[in-house]
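Comments concern the structure below.
The values are calculated or read from the model by the stated rules, or taken from the named source; none is laboratory data. Since we're looking at a predicted model, the values are computed, not measured. Cβ atoms come from the backbone with ideal geometry, glycine included; neighbour counts cover every protein chain shown. Heads up: the accessible areas ignore ligands, DNA and RNA and are worked out on the full protein's heavy atoms, side chains in. Shrake-Rupley method; radii C 1.70, N 1.55, O 1.52, S 1.80 Å.
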Amino acid sequence: MAADSAGLPSNYEFWMQKLSVWTQASTLETQRDICLHLPQFQEFLRQMHETLKEMDSNTIIERFPTIYQLLAKSCWSPFILAYDESLKILIWCLCCLIKKDPQNSRESKLNSWTRRLLSHIVSTSRFDIKEVGLFNQVLGYAPTDYYPGLLKNMVLSLVSELRENRLNGFNSQRRMSPERVRSLSRICVPLVTLPDFEPLVEALLTYHGHEPQEVLWPEFFDAVNEAFLLKKISLPTSAILCLWLRHLPSLENTMLHLFEKLISSERNSLRRIECFMKESLLPEAAACHPAIFRVVDEIFRSALLETDGAPEVLAGIQVFTQCFVEALEKENKQLKFALKTYFPYASPSLVMVLLQHPKDIPQGLWHQSLKCISEMLKEVVEDYGSYGGPFESWFLFVHFGGWADITAEQLLMSEAEAEPPEALLWLLAFSCSPGAGHQQRAQIMVEVKTVLGHLTKLFRSPALSARDLQAAAEENQGGDPRPPACQQLVRRLLLYFLLWAPGGHAIAREVITLMAQTDAIMNEIIGLLDYTLYRWDHLCMEARRSRKLARELLTELREQASPRQVNQ
């Protein structure tokens with residue numbers, strides 16, 4: 001048993017022996033012993049629950065085969081059930097044993113056994129044990145038939161009562177009292193992960209009374225949200241939306257859970273981040289209600305400021321926005337909420353342009369859209385309009401980061417003799433350096449214009465070398481060194497050149513090796529390639545050769561980056 005109880009409280013064996021004695025005899029001395037030890041036993045149960053909740057049901061069965069015996073003996077002791085919070089903690093422990101999707105008959109039988117035990121606890125806590133036994137005997141039901149039926153009927157009855165509450169409105173004689181609703185939500189705290197209780201959990205979340213204050217127990221919201229995050233409960237989006245609208249800490253915890261996935265030691269692809277986003281239901285909920293969107297957006301804004309623009313957070317914002325816009329198109333076919341309610345501090349005309357998906361605009365008109373975006377942003381940023389300063393404008397723009405990358409591609413593929421449009425140069429400089437002043441931004445534009453002049457001349461060159469590209473990207477001798485943001489912008493232009501120029505594919509690996517001299521730059525290039533592929537997928541771009549090269553480079557660089565990180 002010592003091996004089995006590893007991870008459980010050290011006095012597991014002691015309590016197992018105590019329970020055996022307590023269940024075998026019902027003498028006065030035994031009852032006194034039970035009463036004497038009830039506080040310590042409750043603490044033992046609490047510690048045991050803390051251990052069990054960290055494991056899945058298979059691991060529990062594997063490591064602790066006698067756990068079912070221990071819990072069964074505890075559940076059939078009226079002294080234990082009657083003491084303080086022991087009943088509630090026993091329910092928590094039993095919930096840990098339920099496997100949501102049983103894979104075989106053994107797991108199904110264990111689930112049935114656990115449910116019967118839970119039904120026993122629930123029924124005996126509401127009725128006198130003798131009355132239940134007499135009721136079974138008169139009707140001819142065996143306990144195995146009676147308890148699941150009782151539980152199901154009880155849940156359906158409560159769900160009907162809660163729904164009628166909504167229909168009865170102010171008819172107080174037929175309405176469930178707020179005190180009873182609150183008590184019901186408290187009772188459900190340890191039961192939220194049980195499939196049989198999901199209809200009741202949903203009914204409570206969508207219950208709306210006429211009380212000035214929230215009637216549901218705060219711990220109920222916490223328990224439901226935790227179960228949702230751990231995928232231990234299946235609820236419709238409407239119920240999750242009600243949860244987050246009624247309980248802000250649940251929404252904040254969901255965002256923290258998402259950030260833990262975004263900022264991890266494992267390098268996440270944007271496709272994987274998109275899966276995290278959709279599983280979280282945050283974009284869908286945000287599209288359903290502006291209040292959710294604005295809270296999520298504000299948390300992203302704070303995270304971006306606190307992490308000094310961490311790439312993982314920036315990627316999270318852009319993927320969230322992509323999923324949000326898709327959900328908004330489905331949700332707001334009749335436009336339930338005006339766009340201004342989602343972006344109250346932004347120029348409505350700018351939001352309308354940014355929300356347009358590039359794939360819905362003919363490529364020949366992209367230049368016109370970019371020019372329009374640049375002019376509206378410039379008016380706000382440099383003339384300090386009524387829609388916030390540079391950071392607020394940049395934060396809105398990076399939600400739709402694809403436009404900045406399209407700007408770089410449009411400038412690269414323009415005619416070599418043509419002068420790069422000032423509006424597009426300004427937009428590119430602003431996207432990489434929102435905090436720069438007018439003079440510094442103008443200097444970045446000059447640097448980018450010079451590099452673009454060299455690259456556009458090389459773009460259709462039949463014979464390219466890595467040295468040619470290195471020379472094209474070199475800083476002017478004797479001039480001020482380029483700021484880091486400008487260096488990142490030049491690397492982005494070089495990468496897009498390699499992907500799009502006919503001669504760039506042959507020298508791509510050599511040029512990237514020369515660029516990626518540090519781990520930070522290596523990670524930057526990996527992020528650029530990943531985002532480029534993600535953007536092309538959403539644009540349904542046909543560029544097969546460029547896609548193929550980008551995928552190959554991304555795979556190779558990730559393989560190179562892993563050993564370097566391990567060696568550190």
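Angle, helix 484-500 long axis vs. longest principal axis of the chain, Cα atoms, 0 to 90°, nearest 10?
80 degrees
Using 0.36 nm times the number of residues separating K336 and W113, minus their current alpha carbon distance, what extension gain do you get?
On the way: separation 223, 0.36 × 223 = 80.28 nm, distance 4.75 nm.
Extra length available between K336 and W113 comes to 75.5 nm.
Of all accessible surface on the chain at a 1.4 Å probe, what whole percent is carbon and sulfur? Intermediate results must be reported in sequence, preceding the final value.
On the way: 15140 of 28320 Å².
Its accessible area is 53 percent carbon and sulfur atoms.
Tabulate in residue order the Karplus-calculated ³J(HN,Hα) for the range 57-65, using 6.51 cos²θ - 1.76 cosθ + 1.60 with θ = phi - 60°, rounded to whole Hz; enter x for Gly and Pro.
Running phi through 6.51 cos²θ - 1.76 cosθ + 1.60 with θ = phi - 60° gives 4, 5, 5, 4, 4, 5, 8, 10, x Hz.
Amide H of L281: which non-local residues (sequence gap of 5 or more, or other chain) have their own amide H closer than 5 Å, using H built in the peptide plane?
Amide H neighbours of L281, under 5 Å, 5+ apart: none.
Per-residue HN-Hα couplings for the range 42-50, Karplus 6.51 cos²θ - 1.76 cosθ + 1.60 at θ = phi - 60°, whole Hz, x for Gly and Pro?
3J(HN,Hα) across the range 42-50, in whole Hz: 4, 5, 4, 4, 4, 5, 5, 4, 4.
Tell me the relative contact order for the chain as a rounded percent, counting alpha carbon contacts under 8 Å between residues six or more apart.
Details: 506 pairs, mean separation 39.0, N = 568.
Across the chain, relative contact order equals 7 percent.
Just the Cα atoms of the chain, one point each, no solvent: what log10 I(q)/I(0) does Debye give at q = 0.11, 0.13 Å⁻¹?
With no solvent term, the Cα-only Debye profile gives -1.03, -1.27.
Whole number in Å², please: accessible area per residue of the chain, 1.4 Å probe, ligands, DNA and RNA not counted.
So the chain comes to 50 Å² accessible per residue, rounded to a whole number.
Largest first, please: the extent of the C-alpha atoms of the range 58-110 along each principal axis, to the nearest Å.
36, 19, 17
With label points built 7 Å along Cα→Cβ from the Cα atoms of I263 and M541, find their separation and express it in nm.
3.0 nm
If I take R0 = 35 Å and measure r between the Cβ atoms of Q356 and R551 in this structure, what FRET efficiency does the formula 1/(1 + (r/R0)^6) give, to the nearest 0.05? Mind dumping the intermediate values first?
Values: r = 28 Å, r/R0 = 0.80.
After rounding, the FRET efficiency stands at 0.80.
Would the range 258-310 count as rounded, prolate or oblate if I go by the C-alpha gyration tensor, calling it rounded below 1.5 in a/c and otherwise prolate when a/b exceeds b/c, oblate otherwise? Please report the intermediate quantities before stating the final value.
Details: a/c = 2.95, a/b = 1.22, b/c = 2.41.
Here the range 258-310 falls in the oblate category.
Report the Stokes-Einstein translational diffusion coefficient (µm² s⁻¹, integer) for the range 439-552, Rh taken as the Kirkwood radius over Cα pairs, at 20 °C with viscosity 1.002 mPa s. If you can, show how the numbers build up before the last one.
Numbers: Rh = 14.9 Å.
This corresponds to a translational diffusion coefficient of 144 µm²/s.
At 1.002 mPa s and 20 °C, plugging the Kirkwood radius over alpha-carbon pairs of the range 15-59 into Stokes-Einstein gives what diffusion coefficient in µm²/s? Intermediate values should be presented prior to the final figure.
Values: Rh = 12.0 Å.
It comes out at roughly 179 µm²/s.
Evaluate the distance, in nm, between pseudo-label points positioned 7 Å from the Cα of E559 and of S302 along their respective Cα→Cβ axes.
4.3 nm
What ³J(HN,Hα) values, in whole Hz, does the Karplus curve 6.51 cos²θ - 1.76 cosθ + 1.60 give for the range 277-291 when θ = phi - 60°, with x put for Gly and Pro?
These are the phi-based 3J(HN,Hα) values: 4, 5, 5, 5, 6, 5, x, 5, 5, 5, 5, 6, 8, x, 4 Hz.
Only four residue types carry charge here, +1 at the Cβ of Lys and Arg and -1 at the Cβ of Asp and Glu. Report the dipole size of the chain about the Cα centre in Debye, rounded to the nearest 20.
Numbers: 57 positive and 67 negative charges, 298 e Å.
Rounded to the nearest 20 debye, it is 1440 debye.
Helix-derived [θ] at 222 nm for the chain: sum -39500 (n - 2.57) over DSSP H runs of at least 4, divide by residue count, nearest 500?
Per the formula, -23000 deg cm²/dmol.
By what distance, in whole Å, do the Cα atoms of the range 240-354 stretch along each of the three principal axes, largest value first?
42, 31, 25
For the range 459-514, just list the percent of Cα-Cα distances falling in each 5 Å bin from zero outward, please.
Histogram of Cα-Cα distances, whole percents per bin: 4, 19, 30, 23, 13, 9, 2.
Once both labels are modelled 7 Å past Cα along the beta-carbon direction, what's the H438-C372 spacing in nm?
Reported label-point gap for H438 and C372 is 2.7 nm.
Relative to the longest principal Cα axis of the chain, at what angle does helix 438-458 sit, 0 to 90 degrees, rounded to 10?
So the helix axis and the longest Cα principal axis differ by about 70 degrees.
Please give the residues of the range 178-210, grouped as numeric ranges, whose backbone N is less than 16 Å from a label point set 7 Å along the Cα-to-Cβ vector of K152.
What the label zone holds, given the 16 Å backbone N cut-off, is 195-200.
Kirkwood Rh and Cα-based Rg: tell me the resulting Rg over Rh for the range 213-262, rounded to two decimals. Please report the intermediate quantities before stating the final value.
On the way: Rg = 10.7 Å, Rh = 11.2 Å.
Rg divided by Rh gives 0.96.
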